[in-house]
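Everything on this sheet refers to the single structure shown next.
Read-outs: derived from the displayed coordinates by stated rules, not from any lab. All of these numbers come straight from a predicted model, not from anything done at the bench. Note that each Cβ is placed from the backbone with ideal geometry, even for glycine, and that neighbours are counted across all protein chains shown.
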């Protein structure tokens, strides 16, 4: 049975319940997977190709953004045969600069928008911001949902908001940030995921990185399961982006195990899975070098941009 | 031989190709196994009287691991005499506190040698190292720890009832959880002040014999714990030995009935943990993704060689197709293979005999018109294997729904109302366990209070704890193990 997307479901009853204890047990079981040798190398490179290199600071500067773009294109000059990262994620003011710096590299520019990170702004301002980013050249828009409205139970508002932003995006890809640290319960995470996907999200994303906790494995698993159910119903493949808190290669591989065993190998692709992270890339590089040479090298050998 | 049900669903997930995990085997090189194992009687490894041995195999490779003594009537008699002597001379003279010290010591030594025990359990029985490492061995230690705590508190456990040990316990355990079953049997018996003669299953004696080494090192007085290895005939010698005061058996209902007959008219106390055909019930408001995981843990844990396995799945009609499709995709992601590989989800079938039993049931299911779905996972050439299997289009009158298969085979039926599912769930001669999945607390209590089963899990499955009693209704057994109930089975009042 394929449900067409123009039917708007009842979001109060759409989402199946989530059992937190069961989710945590499942995560614990994923984490017993032992990834060695070639499969580890494969995973490290795959993870690197999925990184959205991110800088979202009040003190960002054109220089910093340029450095980040250069890092994205040349993660580690000493290594051959390593992938580029998937995208660079910046504030709207830096989209044009990033786009120019990255031109011809095949690396996407993502911009946060819609009054990131809190989402407290009038709808018109949010849509204007999205259009601005797209005009500046953003390939991907990372929006935030209005958590205040969601927690009020105003699910229709969230649906309309995501649908409006999607429209404003035009051909740019839309990632919807749920800010799961503020939604707090897994039932809420599941419901917000469903609403976002039905409203037109191309990706769903855990966090802004400004709220703790940011991405966690249980939250990510619940979102992956929501993506799976949406795919079963509609045949449409939605992407997933955990963001914030994924700092080392070991944890990144555990996320990939979850993706592989929950959604299958089709999702092991930067088009459908991303890591929002700033320091992960260097740890991945360090582990790749370690796998190749057998020895860890000092962090000083890896550029920090 | 099996026809696969044509699945008409368009949006299936793809689990083949791409990123595959490299083998990550636990190294068995540090594990020392002797070529030959004797009985463990009176604190010493003892040659069998008739000099006969049999081989125990690794079911994943069909290679011999060791030769093990085949127990005769004379061996059993020697073991029972040693146990009686150990009881009279040493164990009954020790204070509860001193008994506890020995039992704690055994528990700690199991923990210290956990890795070795886990590897041997997987080698000898075929279960994945993930389970022997994370479930069997830690739980075995936990049962010893738990019952050690009761040894000096029997008066408080059963106030004003003057608890006294029974004497010599004869214990016979199955091949599905060799070390853990030994712990379930030995720990409460020793804590209550009894001595034991225990026979491990003929296909999985090695961890018991390793436990014998620990018992030796722990310096337990001679004769307190004795192991006689062998097959059914040896077990029957234990059951019928006149100087046994208590018989504890875990195994099939068929053998359980024979034992029950044989102890009838004697003074022997009896506990039986027998077969099961548990209903796992999924209501339409259940957390479905977690329920699917629970279904998988319920039936595919330990290759389905679990007496309390959730082998009959009942799904409320509105979500039945959803659950079946999710289950089929989940089964595709299960890894079947080398039990010592840390990534293996489903290991080897315990023996060729059991493999034959399971295959007979699959054949039967097919002939009865069942729609059989098997995971497409690759299966090793050597060894005994069954891919995870789901059988639909079956009803209460199918033999595969009625009889215990003891393998990774799940039947799926649907229902519409709670009354209907209760009737179906209870419509079995067994009554060991059951599971209920729903988001609504009142439904849990309504359903579980009507299920005629000794253990019922809600929104989880196959969870064990030393403090919780475990045992069956109807033909699933007599008496309880675990908790205070399990202790009282080794006491007279």
* Asked: So what's the angle, to the nearest 10 degrees on a 0 to 90 scale, between helix B:253-263 and the longest Cα principal axis of chain B?
  -> 30 degrees
* Work out the P(r) tail for the range A:120-181: percent of alpha carbon pairs separated by more than 17 Å, whole number. => 36 percent
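For the residues B:180, A:50, what sequence is obtained by ranking on other C-beta atoms within 10 Å, fewest first? Walk me through the numbers before you get to the answer.
Details: B:180 23, A:50 28.
Ordered from fewest to most neighbouring Cβ atoms within 10 Å, B:180, A:50 come out as B:180, A:50.
What percent does the relative contact order of the range B:279-458 come to when contacts are Cα pairs within less than 8 Å and at least six residues apart?
Values: 309 pairs, mean separation 51.3, N = 180.
For the range B:279-458, the relative contact order is 28 percent.
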* To do: Could you work out the relative contact order of chain A, using alpha carbon pairs under 8 angstrom and six or more residues apart, expressed as a whole percent?
  => 21 percent
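At 222 nm, what value in deg cm²/dmol follows for chain B if DSSP H runs of at least 4 each add -39500 (n - 2.57) and the sum is divided by all its residues, to the nearest 500?
-11500 deg cm²/dmol
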* Structure fact -> Hull volume per residue for the range B:251-340, using the convex hull of the C-alpha atoms, in Å³ is 143 Å³
* Most exposed first by the Cβ proxy, i.e. fewest other Cβ within 10 Å, how do B:341, A:135, B:439 rank? -> A:135, B:439, B:341
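In percent, how large is the relative contact order of chain B, given Cα pairs closer than 8 Å and 6 or more residues apart? It would help to have the intermediate numbers written out before the result.
Details: 1106 pairs, mean separation 89.5, N = 493.
18 percent.
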* **Debye log10 I(q)/I(0) for the range A:1-130, one point scatterer per Cα, at q = 0.10, 0.16 Å⁻¹** => -0.59, -1.01
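P(r) tail for the range B:295-341, what percent of Cα pairs lie past 18 Å?
Working: 427 of 1081 pairs.
For the range B:295-341, the fraction of Cα-Cα distances above 18 Å is 40 percent.
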* Where the Cα atoms of the range A:132-284 are projected onto their three principal axes, how long is each span, largest first, in whole Å? -> 38, 36, 33
* To do: Extending each Cα 7 Å along its Cβ direction at residue B:32 and residue A:132, get the distance between those two points in nm, one decimal.
  => 7.5 nm
* Asked: Rg (Å, one decimal) plus Dmax (Å, integer) for the alpha carbons of chain B?
  -> 22.5, 72
* Convex hull over the alpha-carbon atoms of the range B:331-382: what's its volume per residue in Å³? -> 85 Å³
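Just tell me how shielded B:281-293 is by partners: mean number of partner chain Cβ atoms within 10 Å of each residue's Cβ, no decimals.
Details: counts 0, 0, 0, 1, 2, 3, 12, 6, 16, 13, 4, 3, 6.
Counting other chains' Cβ atoms within 10 Å and averaging over B:281-293 gives 5.
Taking N as the number of residues in the range B:279-458, what value does Rg over Cα atoms divided by 2.2 N^0.38 Å take? Kindly include the intermediate steps, with their values, before the conclusion.
On the way: Rg = 15.6 Å, N = 180, 2.2 N^0.38 = 15.8 Å.
Cα-based Rg divided by the globular estimate yields 0.99.
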* Relative to the longest principal axis of the C-alpha atoms of chain B, give the angle of the C-alpha long axis of helix B:137-150, reported between 0 and 90° and rounded to the nearest 10°. => 50 degrees
* **Radius of gyration and Dmax over the Cα atoms of the protein assembly as shown, both given in Å** => 29.9, 93
* Structure fact -> Binned at 10 Å from zero, the C-alpha pair distances of the range B:391-430 give percents of 27, 59, 14
* **Average beta carbon contacts from partner chains per residue of A:223-230, 10 Å cutoff** => 2
* Figure the gain on full extension for residue B:64 and residue B:463 (residue separation times 0.36 nm, minus the Cα-Cα span) and round it to one decimal in nm. => 140.4 nm
* **chain A: translational diffusion in µm²/s, Stokes-Einstein, Kirkwood Rh over Cα pairs, 37 °C, 0.692 mPa s** => 168 µm²/s
* Quick one: length gained pulling residue B:395 to residue B:164 fully straight, 0.36 nm per residue minus the C-alpha distance? -> 78.3 nm
* Any chance you could give the angle, 0 to 90 degrees and rounded to 10, that helix B:114-125 forms with the longest Cα principal axis of chain B? => 70 degrees
* Asked: Just how far, in whole angstrom, is the range A:190-234 from the range B:84-130 if you go by their alpha carbon centroids?
  -> 48 Å
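Length gain on complete extension for the stretch residue B:450 to residue B:90, per 0.36 nm per residue less the alpha carbon to alpha carbon distance? Walk me through the numbers before you get to the answer.
Numbers: separation 360, 0.36 × 360 = 129.60 nm, distance 4.71 nm.
Stretched out fully, the residue B:450 to residue B:90 stretch lengthens by 124.9 nm.
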* Say each of residue B:254 and residue B:73 gets a label point 7 Å from the Cα, pointing the same way as Cα to Cβ; how far apart are those two points in nm? -> 2.5 nm
